[in-house]
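Participant: What follows is a structure written as structure tokens; I'll ask about it next.
The values are calculated or read from the model by the stated rules, or taken from the named source; none is laboratory data. Computed from a predicted structure; not experimentally measured. As a convention, Cβ positions derive from the backbone with ideal geometry for all residues, glycine included, and neighbour counts pool all protein chains shown. Just the protein is used for accessible areas: all its heavy atoms, side chains included, with ligands, DNA and RNA removed. Shrake-Rupley method; radii C 1.70, N 1.55, O 1.52, S 1.80 Å.
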Amino acid sequence: MKSYCIFLVAYFIYVIPSFSQVVNTEEGSLETKAEQLVSASGDEQPDLNYLADAWHELSENPLNLNKAGYDELMSCGLFSEQQISALLMHRERYGKLLTLIELLVVPHFEAEFIRSISALVTTGTDIDEPNTGLGRMLKDGTHTIVLRTGLVPEQKRGYLNEGDGARYQGDPHSLLVRYKFNFMRKLSFAFAAEKDEGEVFRFSKSRKGFDFYTGHFAIRNIGKIRLLTIGDYQISYGQGLVINGAFASGSSSDPVSINAVTNGIRPYSSTGESMFKRGIALSMGKQKFQFDGFLSYRKLDANLNEADTLSGPDQFSSFQTSGLHRTDAEIQDQNALTELLYGGHVRYKGRNFNFGLTGYGSRYNLALLRDRQAYNQFEFSGKHLLGLGLNYSYLFRNVYLFGETAIDKNGVPATLNGIILSADSKVAFSVLHRHYPYDYINIYSGPFRKSSKAINETGIYSGLSIKPSRVWSLLLSYDQFRFPWLKYRVDAPSRGSDFTLQLLYQPSRNTQLTFRFTSRNGETGFDDNPFLTSRIDRTLHRGYRIHIGSKISKTFSLRTRAEFIRYRSDISASNGFMIYQDIHYHPMNSRWKINLRYVMMDTDDYDSRIYAYENDVLYSFSMSAYSDSGSRMLFNVRYKLSSSVDVWFRYAATFYNNRQTIGSGWDEIQGNRKSDLTLQLRLVL
Amino acid sequence: MKQLFSILLFGAALHGTLYATDFTSGHAPGFGNVVARKGLWSAVGNPAGLTAVKHLEAGFFYRNQMFLDELSIKGVALAFPIAPGTPVAFGLQRFGYHLYNQTRFNCSLARRFGEKVDAGISFDYLNYTFGNEYGSVSLITATAGLNFNLSKQIYAGVMLSAPADIYTFHGSDELLKTNMAAAIGWSPGSHLVVSAGVSKVQDQRHVFALDIHYRPYRRFDLIAGISSDLTPFYFGYSFQLSKIRIGMVSGYHFQLGFTPQITLSYSFKNFI
């Protein structure tokens with residue numbers, strides 16, 4: 001078999017240069033995933049910067065497929081359970097991979113997938129002595145320093161002095177300073193300080209310079225310690241039904257890969273101010289068993305209830321997750337609440353199956369007392385939370401079963417179960433059922449779902465992937481769900497369905513054509529109910545997209561997209577249209593890298609808005625919701641000053657045809673133009 | 001208990017054609033893309049699919065829609081070749097209960113024309129019975145179908161039933177509804193078929209369906225699919241015991257619940 005592999009390597013050797021010349025690059029895959037997350041998330045925007053961090057960390061420290069174990073392969077988020085099992089079995093049987101090409105003979109690995117991850121993995125023989133001393137690690141590791149500033153040149157209303165002083169306490173600049181050290185995934189520590197626009201930068205008794213600080217120290221694979229993290233970290237286990245710090249949306253860009261890829265404990269140093277824990281986390285174990293424990297004690301932003309004779313001073317009405325502290329009210333909410341979180345996870349990993357048990361407890365110094373209405377009467381209130389869940393996965397030939405069942409402090413169960421079937425090398429399909437009762441209480445969960453919280457939802461999702469030939473792919477998904485209880489602004493049980501059809505045509509490695517159709521049926525409430533009694537407004541949202549990507553030469557790539565949205569409800573109708581053209585200038589071995597985009601959009605209202613990913617500076621993500629009538633231009637350039645120093649500059653501006661003001665409230669801008677500037681410097685030592 | 005029964009029973013016959021029938025149209029696809037199926041149950045579907053019948057076969061099915069006896073459908077079918085590539089079939093279906101029911105009896109003939117095209121025609125006798133005192137009405141109509149074997153892996157089917165304007169009963173201006181359906185199937189191997197199709201009953205909305213038939217083992221099949229009609233999800237299995245094939249399938253609707261169906265087929269020679 002080994003000689004067969006060597007033959008295969010030799011036979012396919014001609015494709016190696018093509019791995020660096022693909023249209024669907026690492027960034028393209030990241031873009032697809034981000035668009036899918038944002039499009040499915042609705043009003044709750046995910047922390048995409050965390051996703052960018054994780055992705056770029058992987059590109060800077062590619063995963064060694066010959067050394068990574070199950071946990072590392074799972075935690076990187078690139079591989080499905082079937083692929084991981086197949087790879088580990090291949091290594092066990094035939095030894096180490098000689099090159100990435102050898103993955104072609106491993107089941108569940110296709111050429112297109114291997115190309116898309118080629119920049120993120122390696123089979124090289126890096127030096128990784130298990131007993132490397134701390135001094136050696138510090139000497140040979142990589143130091144990265146990032147400095148970033150941003151500005152919206154147009155003045156927002158919040159900066160104007162309207163008699164009682166400007167509302168935003170700080171200046172319009174955003175600032176980020178970040179330092180990270182990493183030695184071959186074994187030792188890392190990071191520190192970041194950030195200030196959003198409008199926030200104050202000042203050293204005083206009450207202010208310590210930047211608005212937000214984060215950092216961690218993490219060490220891996222020391223004896224039985226798999227990972228020790230001190231500082232900020234994220235935790236996610238199983239299908240995310242018990243605890244999931246990362247964002248989980250309703251569906252993946254691949255309709256068949258619907259099982260959650262959770263990383264366990266992950267050191268954190270991104271700029272999302274609410275999506276992490278702070279304390280200590282430890283993962284231990286070897287071979288089949290793994291034991292994790294975590295303890296977190298941190299301050300959170302919260303809306304405090306006013307002290308009065310009825311509600312008292314020891315209560316808050318809601319969590320604040322925006323991370324913004326610009327106005328007096330936002331500053332008052334900053335760090336108003338203390339959270340203590342503790343828990344653990346035990347996992348047993350067999351050859352083809354996994355079982356995991358996760359539990360947690362949390363306590364707040366103040367009690368949550370919501371403004372009780374019919375729709376939220378079952379949601380969490382009080383000071384304490386408990387949760388316990390059991391997750392499993394089982395791989396039998398070409399069938400993968402997975403799921404998780406959890407209970408809350410009141411014993412209310414929630415469950416999620418799914419199956420992925422690779423019926424053929426060209427056909428795979430998946431089904432997932434979820435049931436989250438309306439009185440299931442868990443604010444840390446993040447499983448597969450349609451709404452912003454994992455409560456009050458029951459649904460069945462099915463996905464189908466057909467690849468009849470090398471150049472054609474057809475992806476389909478259908479999700480039907482219902483909400484048995486009321487929701488915010490929806491005064492009755494409601495339901496909906498989502499259908500997505502995506503047709504991909506890739507006649508060559510340099511050209512890709514995608515057609516996508518989406519149809520979403522839903523039910524919502526009215527902003528201003530014109531009727532005397534409560535009513536449900538049925539909505540229909542249809543989207544048609546054509547996307548063409550083409551690498552026209554060694555230095556230039558083009559991307560064109562046209563998208564049409566049709567929105568209908570019982571009382572309104574709107575259409576939206578968007579078209580953009582990207583030009584990418586990426587010559588190999590050049591100091592320059594330039595991205596240009598020009599967009600024209602015309603939507604009737606916000607309901608027919610269109611989302612699209614935009615290139616941004618490194619480590620940053622940008623997703624725009626194009627709405628109203630106008631145009632947008634984007635200029636993004638990277639210049640490599642030296643082998644250690646990179647500079648990024650980004651300018652984007654939107655021009656509206658029919659507006660005299662943009663935005664609302666303190667973010668309102670006079671005029672019809674809104675732009676933003678970003679400047680970033682990176683130093684790698 | 002009903003739900004548990006349905007979950008335990010769920011399955012489908014690979015050759016089974018499953019109907020949620022609106023008899024005023026003569027035919028209306030139910031679970032899956034009926035028009036693209038081939039075999040015994042084309043006797044109550046697209047008659048062109050009968051060309052797959054090589055030996056004498058007989059079968060029975062029973063569907064209990066939303067566990068309501070008043071909406072149940074049952075049927076029998078018999079098919080046998082009278083010449084190579086030319087089978088004849090008879091089918092009988094009944095829907096409803098004693099206060100309202102529909103009965104359909106049909107006689108079908110199919111023929112293979114070369115490697116690429118199969119054609120079939122069915123003559124249908126329809127009877128509607130309205131309660132104890134309102135009598136009944138009978139009609140005769142027809143169904144025609146074609147199957148195209150476009151390649152070794154791809155085939156397509158079209159079907160048209162009640163094509164002519166026929167009044168449902170004397171003195172009425174209500175016409176028997178015409179039904180059209182088309183589907184395309186793809187089979188990368190003998191173990192897998194994926195099909196997609198659309199059907200349209202006159203004056204009603206289009207119904208789209210997508211299903212997948214998978215044969216992990218020689219005598220065991222799985223089916224799953226989605227559609228835009230009354231049963232948006234359906235799933236099931238079938239297995240073979242010697243000359244008998246037993247299939248069970250269930251459709252599911254969030255509000256209306258399960259629609260289970262059982263199918264029994266017997267071949268006077270082995271299926272496989």
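Participant: Expressed as a whole number of Å, what is the distance separating the alpha-carbon centroids of segment B:176-246 and segment A:588-645?
Facilitator: What the calculation gives is 44 Å, centre to centre.
Participant: Give the average, rounded to an integer, of partner chain Cβ atoms located within 10 angstrom of each Cβ in A:458-465.
Facilitator: The shielding value for this peptide is 3.
Participant: If you don't mind, there's one more thing I want to ask. Find the Cα radius of gyration of segment A:580-685, compare it with 2.2 N^0.38 Å by division, and give the number to two decimals.
Facilitator: 1.24
Participant: Can you compute the helix-only [θ] at 222 nm over chain A? Use -39500 (n - 2.57) per DSSP H run of at least 4 residues, normalise by all residues, nearest 500 deg cm²/dmol.
Facilitator: Value at 222 nm, helices only: -3500 deg cm²/dmol.
Participant: Which of the chymotrypsin sites (Phe, Trp or Tyr not before Pro) found in segment A:168-263 are in a DSSP loop and have at most 10 neighbouring Cβ atoms, other than their own, within 10 Å?
Facilitator: Listed in order of number, the matching sites amount to none.
Participant: Taking every Cα atom in segment A:328-403, find the radius of gyration and the maximum pairwise distance Dmax, and write them in Å.
Facilitator: 19.3, 60
Participant: Average the reciprocal distances over every distinct pair of alpha-carbons in segment B:200-267, invert the result, and give the Kirkwood radius in Å. Walk me through the numbers before you get to the answer.
Facilitator: Values: mean 1/r = 0.0752 Å⁻¹.
Evaluated on segment B:200-267, it is 13.3 Å.
Participant: Another question about this same structure. How far apart, in nm, are two points set 7 Å out from the Cα along the Cα-to-Cβ line at A:I546 and at B:Y125?
Facilitator: 5.5
Participant: Can you give the alpha-carbon Rg of chain A over 2.2 N^0.38 Å, where N counts its residues? List each step's numbers first, then the result.
Facilitator: Values: Rg = 25.2 Å, N = 685, 2.2 N^0.38 = 26.3 Å.
That works out to 0.96 for chain A.
Participant: Counting pairs of alpha carbon atoms under 8 Å apart in space and at least six apart in sequence, what relative contact order in percent does chain A give?
Facilitator: 10
Participant: Mind pulling the per residue volume of the convex hull built on the Cα atoms of segment A:490-604? Å³ is fine.
Facilitator: So the per-residue hull volume is 130 Å³.
Participant: Another question, if that's okay. Enumerate the whole-percent occupancy of each 10 Å bin, from 0 to the last occupied one, for all C-alpha pair distances of segment B:66-158.
Facilitator: With a bin width of 10 Å, the distribution comes to 15, 33, 28, 17, 6, 1.
Participant: Okay, moving on. Suppose we take every Cα in segment A:98-243 and form the convex hull; what volume per residue is that in Å³? Numbers along the way, then the final one.
Facilitator: Details: hull volume 35.7 nm³, N = 146.
Enclosed volume per residue, from the Cα hull, is 244 Å³.
Participant: Compute the normalised compactness of segment A:386-507: alpha-carbon radius of gyration over 2.2 N^0.38 Å, N being the residue count.
Facilitator: So the Cα radius of gyration is 1.25 times the expected 2.2 N^0.38 Å.
Participant: So what is the relative contact order of segment A:99-241, in percent, for Cα pairs below 8 Å that sit 6 or more residues apart?
Facilitator: Rounded, it is 16 percent for segment A:99-241.
Participant: Can you run phi through the Karplus equation (6.51, -1.76, 1.60; θ = phi - 60°) for segment A:99-116 and list ³J(HN,Hα) in whole Hz, with x for Gly and Pro?
Facilitator: 8, 5, 4, 4, 4, 4, 8, 8, x, 6, 10, 10, 4, 5, 5, 4, 4, 5
Participant: Okay, moving on. Which of the peptides A:438-448, A:277-287 is most tightly packed, and how do the rest follow, going by the mean number of other Cβ atoms within 10 Å of each residue?
Facilitator: Ranked from most to least packed, the peptides come out as A:438-448, A:277-287.
Participant: Of A:V490, A:V105, which has the most accessible area with a 1.4 Å probe, and how do the rest follow in descending order? Spell out each step's value before the answer.
Facilitator: Working: A:V490 5, A:V105 35 Å².
If we order A:V490, A:V105 from most to least accessible, we get A:V105, A:V490.
Participant: State, as an integer percentage, the relative contact order of segment A:451-493 based on alpha-carbon contacts under 8 Å between residues 6 or more apart.
Facilitator: That works out to 36 percent.
Participant: Averaged across the residues of B:185-194, what count of C-beta atoms belonging to other chains lies within 10 Å of each residue's C-beta?
Facilitator: For this peptide, the per-residue mean of nearby foreign Cβ atoms is 4.
Participant: With θ taken as phi - 60° and the coefficients 6.51, -1.76 and 1.60, list the Karplus ³J(HN,Hα) couplings across segment A:214-227 in order, rounded to whole Hz; mark glycine and proline as x.
Facilitator: Computed from phi, the couplings for segment A:214-227 are 8, x, 7, 10, 9, 9, 10, 6, 10, x, 8, 7, 7, 7 Hz.
Participant: Can you give the local net charge around B:V249? Use residues other than it whose beta-carbon is closer than 14 angstrom to its beta-carbon, Lys and Arg +1, Asp and Glu -1.
Facilitator: +1
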